[in-house]
Amino acid sequence: MTPPELLARGRAVWALALGQTLGYACLFYIFPGLVLFWTRDLGWSKSTLAGGPMLAILISAALAPVMGRLVDRGRGPEAMAAGALLGALALAGMALVQTPGQWLAVWALNGVAQAACLYEVCFAFLIRRLGPAARSAIIRVTLLAGFASTLAFPAFAAVAGAFGWRAAVWGAAGLMAAAVVPLHLWGALALRRAGAPPQPRMAAGAAAPAWRAPAFWLLALVFALASLNHWMVMSFLVPILVGQGQPEPLAVFAAACVGPAQVVGRLVLMRWEARIGNARATAITLGALVVAAGLLAASGSGAAVVLAYVGLQGAAMGILTILRPVLIADAMGPDNYGAVAGAIQMPALVAGAVAPMLGALLLEGPGLWSLMLASGGFTLAAAAAMRVLRAR
């Protein structure tokens with residue numbers, strides 16, 4: 001058996017990291033990457049288009065505890081590989097859609113795929129296999145996967161601009177099948193063979209006692225409000241910036257910079273983690289999101305403000321991605337982590353599902369300022385919940 005500390009720095013973890021990068025680029029960032037092309041070609045409203053990713057994330061939220069229990073039972077590799085293959089099928093169907101009904105159907109399939117193969121299942125698998133060394137592995141995964149948006153936005157824009165959005169979606173489907181499936185399968189199986197044996201199978205309803213802990217609900221609230229803040233804006237960042245008077249190439253470039261900004265934020269956390277506790281780091285990060293909302297409101301004043309917003313927003317969310325599993329493990333303990341983390345994440349996933357629709361309704365109704373006020377308000381509420389959690 002290889003020591004967990006060595007496994008956390010090994011090739012298997014980097015394989016999972018690359019799989020997560022491509023998986024997020026293809027399954028998640030495809031919507032903000034192609035939403036302008038879909039709006040122009042299909043002629044549907046933003047709210048109709050946003051119904052697709054909303055449905056996907058709602059399904060992902062409903063399945064989160066189920067996938068967590070699969071990981072607790074030692075089935076992480078199978079779940080991640082099957083999810084990637086299902087994602088390829090969903091994208092193939094998306095390339096063929098002609099009606100809103102078909103649009104919703106393929107996004108529903110996409111939601112099942114996301115639940116089975118993206119961050120939450122990967123993190124739960126790493127924590128169950130590597131124990132305390134999982135934090136090092138999670139940092140490596142998120143450092144690389146932070147470039148998913150950097151890959152997705154310019155790639156989708158270039159392919160869709162040259163060959164049409166359907167060709168871009170077909171390319172994403174091929175990438176999922178040819179690259180993500182083998183990367184997830186090999187990386188996870190390699191860790192399962194070399195690492196500690198899986199934890200004993202959890203008892204039915206083992207996650208239920210966690211629901212009685214105030215920390216459970218406070219963490220769920222913090223993550224849900226942060227998700228609303230981020231995704232109600234990021235889902236429409238390119239059209240928002242274009243509407244603010246910025247040229248489309250700058251808007252695409254800014255959206256592509258969110259990923260590198262996440263990586264920078266994670267590197268900052270690595271540098272200062274010994275001096276700043278997890279709860280305090282989360283509180284600081286939520287404060288940064290409030291400032292970022294103000295920068296976005298002023299984004300029409302110039303490229304420098306746009307890039308400042310992207311840098312602050314991306315860095316803050318990048319840090320929260322690492323802190324989320326660590327905070328859950330710290331507050332709730334490692335027992336049955338997959339099921340407990342999946343339950344805590346359900347409100348955040350639902351919030352992420354509702355966020356694009358809420359953003360679309362605000363933009364089509366009251367306008368951008370209402371979106372900015374809602375974004376800042378959600379973050380202030382998250383900071384208040386985090387303050388209560390720290391006090392406890």
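Taking region 69-84 on its own, how many of its residues are surrounded by fewer than 18 Cβ atoms within 10 Å (Cβ to Cβ) and either in contact (Cβ under 8 Å) with a residue 24 or more places away in the chain or among the β-branched types (Val, Ile, Thr) (or both)?
Total satisfying the criteria: 2.
Quick check on VAL181: is it over 28 Å from ALA254 (Cα atoms), modelled with pLDDT of 95 or more and either in a helix (DSSP H, G or I) or of a type in the set (A, V, I, L, M, F, W, C) (or both)?
Criteria met by VAL181.
Which of (1) farther than 16 Å from ILE57 by Cβ; (2) buried (at least 24 other Cβ atoms within 10 Å of the Cβ) does GLY359 not meet, given it meets every other one?
GLY359 satisfies every listed condition except (1).
I'd like to check which helices (runs of 4 or more DSSP H) are fully inside region 296-392 and have at least 3 residues that are of a type outside the set (D, E, K, R), under 16 Å from the mean Cα position of the chain (by Cα) and at pLDDT below 85.
Output list reads 303-332, 337-364.
Does region 85-107 contain at least one residue that is surrounded by fewer than 22 Cβ atoms within 10 Å (Cβ to Cβ) and under 20 Å from ARG192 (Cβ atoms)?
Yes: region 85-107 contains one or more residues that are surrounded by fewer than 22 Cβ atoms within 10 Å (Cβ to Cβ) and under 20 Å from ARG192 (Cβ atoms).
Against the definition (within 16 Å of the chain's Cα centre (by Cα) and more than 16 Å from LEU225 (Cβ to Cβ)), how does VAL263 come out, yes or no?
yes
Under 20 Å from the mean Cα position of the chain (by Cα) and more than 16 Å from GLN20 (Cβ to Cβ): is that true of GLY74 in this structure?
No: the conditions fail for GLY74.
Are there any pairs with C-beta distances below 9 angstrom linking a residue in region 367-380 that is without any contact (Cβ under 8 Å) to a residue 60 or more places away in the chain to a residue that is surrounded by 15 or more Cβ atoms within 10 Å (Cβ to Cβ) and of a type in the set (S, T, N, Q), with the two at least 6 apart or on different chains, and if so which?
Every condition considered, the pairs that remain are GLY377/ASN229.
In region 1-53, which residues are within 30 Å of GLY187 (Cα to Cα) and not in a helix (DSSP H, G or I)?
Correct list: MET1, THR2, PRO3, ALA8, ARG9, GLY10, TYR29.
The values are calculated or read from the model by the stated rules, or taken from the named source; none is laboratory data. Computed from a predicted model, the values in this text were never measured in an experiment. Here Cβ is always computed from backbone atoms with ideal geometry, including for glycine, and neighbour counts include all displayed protein chains.
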